[in-house]
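Beneath this line is the structure, given in structure tokens, with notes to follow.
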Amino acid sequence: MDDAPALVFVPPTPLNFDAPSPSPVRSSTSFPPQPRYSAVPQRASSETAIFSIYSMYGDDPPRSSWSASPPVVVNGSRKSLDASIVPAVKIKLPDNPRQSTHRPNGSADSDTGLAYYDDHDVPPPTREHQPTKVAPRPSSSYAPSSLRTSVLLSEGHTYRTSGTSSHISRSRESTHDPSNHSRHSSSPRCSPVPHARTESSDRDLLLLPPLPPSIPPSRYGTPTPTPPRQPSPAPNTPQPNATPKTLPLKHPVFTGSPASKVSLVPSEGEDMDAFHVRNTYAQLEASGVKGDGYEEGVERTRARVGPSRTSQLNADAALGDGSEKSRELDPKEIETLASVDRYGFFALPSHDRLILLASDPLLKRLAPVPPGPPSAPPHATALRALPPVTTPPKEMSRISKWTRMLTPLARDTGANVATWGVRASKEGKLRARVYKGIPDAWRSAAWELLMSRYARTGIREMELLGREYRDALDKPSTYDIQIDLDVPRTISGHIMFRTRYGAGQRSLFHVLHCFSLRCAKCGYVQGMGPIAATLLCYFDPERVYASLVRLHDAYSMHTVFSPGFPGLLEAIYVQERVTEQMMPGVFLAFKKHMISTTSYATKWYITLFSNSVPFQTQLRLWDAFLMEGYDVFIAVAVAIVWVYRDQITSSGATFETVLSLLSSFFVPEDEDTLLAWIGRMLGDKKLRTSMLRWKEDWRGLVASGKDGTALL
């Protein structure tokens, strides 16, 4: 019985051996340093073909190029690149071979290093190769069902994970049972262990040390803002070692739970750089990071952690240790929390051009008007800083009104309200109260109500979308590298997205990763980031994914994000027709100065004004958008041109002044006046009928191939 068979895990997806092999993890056994080389095949087009939105993001330093590692010489045998090389690992067994190799005191090998380093760093000195010892079979409670890795070692040499290996084939048949591959079970489960094996296979196949206990899966595929605690082991159960803080990012040891979707093996054909990104987020999903919300964090994907002692100490210190919920608040954390506004911003984003969106022009309803006076100044009123965020004076009374207006329709198993409805007696007041502003305390419930009504989705559809989100977490995406580049610069100054790889950034990455797999035609574009980040301020990641799907399917965002952006161009065409009919002088000024609408309005439509107005104004615009549809943003664009019509038609206006004016950051003098003007415009039935006719005209131009000359 002492020679119990070892448990072998195998990858359910065959590895692609055509791509260069990743750098092996350096454990206590090091390999001789080899010269680095650059992979010849070019990276996927997602890095170069992503649409660049004008002035959406600030400058960002270029990402360091990555290179694969060369073949490794093991025991004098040079392994070719057509096989996956798994390094041998030295395992120190306790005196009693029946016990787990993890020590209860949480000790770990301090020399364990990261599997990648900067070109400027010097690789650490190697150590003599040590033979690998047999590890006893771990307890079933320590082997999560989502584990997807195979590390096959033998005395003195390394096995190739070839699909033709008879050992691996037998292991796959006996350990990878599809019936036990539930990714979202309520408790971790272990795949069955083979009970019979030949004496030669017992002698040849070895396994890495037993795995740490898995974290209890949460309801959603992404974590709570702070990492959960480790569960207490059952009595008489061997207590494993604590998860080591060193984070090898190419083939790391599993540290997560079935819900965390830790991906340890790249999928067939997956770019290794993309797998490195996806694997890093999966690892940090399980461990969490320290100082989430008030520390900057340590970069691990856009730049690499070197093997120097300082770099590794900084990387290790940034990993969560499970004490975030139980410890006292750090003084720096208290200082940060005391400085945030009501929406979670600890610092207001800086903008080059802050201008006032005056209220006086909005007091007049939209109607045909002559050009403004030629002597009007070509510049608008500039602001030095954003005004402080204040609570609306009627916030409390509106909370009471919404409380009386909404009623629960369905509850979940925990008796929490799953869906809301509007009382029949209050149905006629819904539109007016939305334009007056949804109270922030009711915004998440109201947004869900408005989207459900507009997209006609119910509880069953939401459950299906939630399952789709969880299943997509473990699938590769060709856009992962670009998404990772955009995540840390999506919303600046917000406490939720401040820390690198914090809960907010991880949730944003996972939502965009899954949504990029939803529609093969849309994929991922940069405008999706600000939309998803705004939704994350009010919904959990699973609900954010469902919201993006409804925006994509029901709110015409599919046409906005599709190649060529046909929905965006349609909105611009309608905006130009409204401008030509109501402000003919402005339309002629655009022609005179050769200003195309796409040069300033593209980022308006593709980000839903996320980076063009203050956050509280954006929320008010989204209130109306989720009720009325995409036409709201056409009305917002017309409102901006309406306010600055005198500056555009001024005799001192030039191409530069007009384009700079319309590319500014707009601060409404009074939000209620702006929303009331938009509501009156969209409430004009004659104008709405004309807008529908112009949309049909645009589709006809596209069909006939004349759309290229139809826009300014």
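Figures for the structure shown
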| quantity | calculated |
| --- | --- |
| Residue ID - most open to solvent (accessible area, probe 1.4 Å), chosen from residues in the stretch 597-623 that are outside any loop (DSSP other than H, G, I, E, B) and among the β-branched types (Val, Ile, Thr) | 598 |
| Pairs where the first residue, in the stretch 682-711, is in contact (Cβ under 8 Å) with a residue 12 or more places away in the chain and the second is among the aromatic types (Phe, Trp, Tyr) and open to solvent by less than 50 Å² (accessible area, probe 1.4 Å), C-beta under 6 Å, 6+ apart | 698/573 |
| Which listed residue, of 454, 479, is touching a Phe, Trp or Tyr at 6+ places or on another chain (Cβ under 6 Å) and open to solvent by 40 Å² or more (accessible area, probe 1.4 Å) | 479 |
| Residue check, residue 491 crowded, with 19+ Cβ neighbours inside 10 Å, within 29 Å of residue 677 (Cβ to Cβ), modelled with pLDDT under 95 and touching a strand residue (DSSP E or B) at 6+ places or on another chain (Cβ under 9 Å) | yes |
| Residue within the stretch 688-707 that is open to solvent by less than 60 Å² (accessible area, probe 1.4 Å) and under 15 Å from residue 358 (Cβ atoms) present | no |
| Residue within the stretch 315-323 that is part of a helix (DSSP H, G or I) and either touching a Leu at 6+ places or on another chain (Cβ under 6 Å) or surrounded by 15 or more Cβ atoms within 10 Å (Cβ to Cβ) (or both) present | yes |
| Residues of the stretch 578-592 classified as under 21 Å from residue 678 (Cα atoms) and open to solvent by less than 10 Å² (accessible area, probe 1.4 Å), total | 4 |
| Boolean, residue 291 is outside any helix (DSSP H, G or I), at pLDDT 75 or above and either open to solvent by less than 20 Å² (accessible area, probe 1.4 Å) or in contact with a Leu (Cβ under 7 Å, 6 or more places away or on another chain) (or both) | yes |
| Selection count where residues are on the phi < 0 side of the Ramachandran plot, modelled with pLDDT of 80 or more, open to solvent by less than 70 Å² (accessible area, probe 1.4 Å) and of a type outside the set (A, V, I, L, M, F, W, C), scope the stretch 296-314 | 4 |
| Sole exception among (1) surrounded by 15 or more Cβ atoms within 10 Å (Cβ to Cβ); (2) in contact with a helix residue (DSSP H, G or I) (Cβ under 8 Å, 6 or more places away or on another chain); (3) aliphatic (A, V, I, L, M) for residue 441, by number | (1) |
| Check on residue 520, out of contact with any Phe, Trp or Tyr (no Cβ under 6 Å at 6 or more places or on another chain), small (Gly, Ala, Ser), open to solvent by 10 Å² or more (accessible area, probe 1.4 Å) and within 15 Å of residue 472 (Cβ to Cβ) | yes |
| Residue satisfying all of: in the stretch 457-476; touching a residue at least 40 places away in the same chain (Cβ under 8 Å) and not in a helix (DSSP H, G or I); most open to solvent (accessible area, probe 1.4 Å) among these | 475 |
| Residue list for the stretch 505-523, restricted to those being free of Cβ contacts under 8 Å to residues at least 60 places away in the same chain and of a type in the set (Gly, Ala, Ser) | 516, 520 |
| Residue 527, sole failed condition from (1) surrounded by fewer than 23 Cβ atoms within 10 Å (Cβ to Cβ); (2) under 16 Å from the mean Cα position of the chain (by Cα); (3) within 15 Å of residue 608 (Cβ to Cβ) | (1) |
| Failed condition for residue 575, given (1) out of contact with any Asp or Glu (no Cβ under 8 Å at 6 or more places or on another chain); (2) surrounded by fewer than 23 Cβ atoms within 10 Å (Cβ to Cβ); (3) of a type in the set (S, T, N, Q) | (2) |
| Filtered residues of the stretch 629-641 (kept if open to solvent by less than 10 Å² (accessible area, probe 1.4 Å) and not small (Gly, Ala, Ser)) | 632, 633, 634, 636, 638, 640, 641 |
| Flag for residue 441 being in a loop (DSSP other than H, G, I, E, B) and either over 26 Å from residue 493 (Cα atoms) or of a type in the set (A, V, I, L, M, F, W, C) (or both) | no |
| Pairs, first over 16 Å from residue 349 (Cα atoms) in the stretch 478-497, second β-branched (Val, Ile, Thr) and surrounded by fewer than 23 Cβ atoms within 10 Å (Cβ to Cβ), C-beta under 7 Å, six or more apart | 482/50 |
| Filter result for the condition that a residue is in a loop (DSSP other than H, G, I, E, B) and either open to solvent by less than 30 Å² (accessible area, probe 1.4 Å) or hydrophobic (A, V, I, L, M, F, W, C) (or both), over 712, 626 | 712 |
| Number of positions in the stretch 372-415 that are closer than 19 Å to residue 458 by Cβ and open to solvent by 90 Å² or more (accessible area, probe 1.4 Å) | 3 |
| Complete set of residues in the stretch 569-615 that are under 17 Å from residue 660 (Cα atoms) and among the β-branched types (Val, Ile, Thr) | 586, 595, 597, 598, 602, 613 |
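The values are calculated or read from the model by the stated rules, or taken from the named source; none is laboratory data. Because the structure is predicted, anything quoted here is derived from the model rather than measured. Here the Cβ is made from the backbone with ideal geometry for all residues, glycine too, and neighbour counts use every protein chain on show. All accessible areas refer to the heavy atoms of the entire protein, side chains included, with ligands and DNA or RNA removed. Shrake-Rupley method; radii C 1.70, N 1.55, O 1.52, S 1.80 Å.
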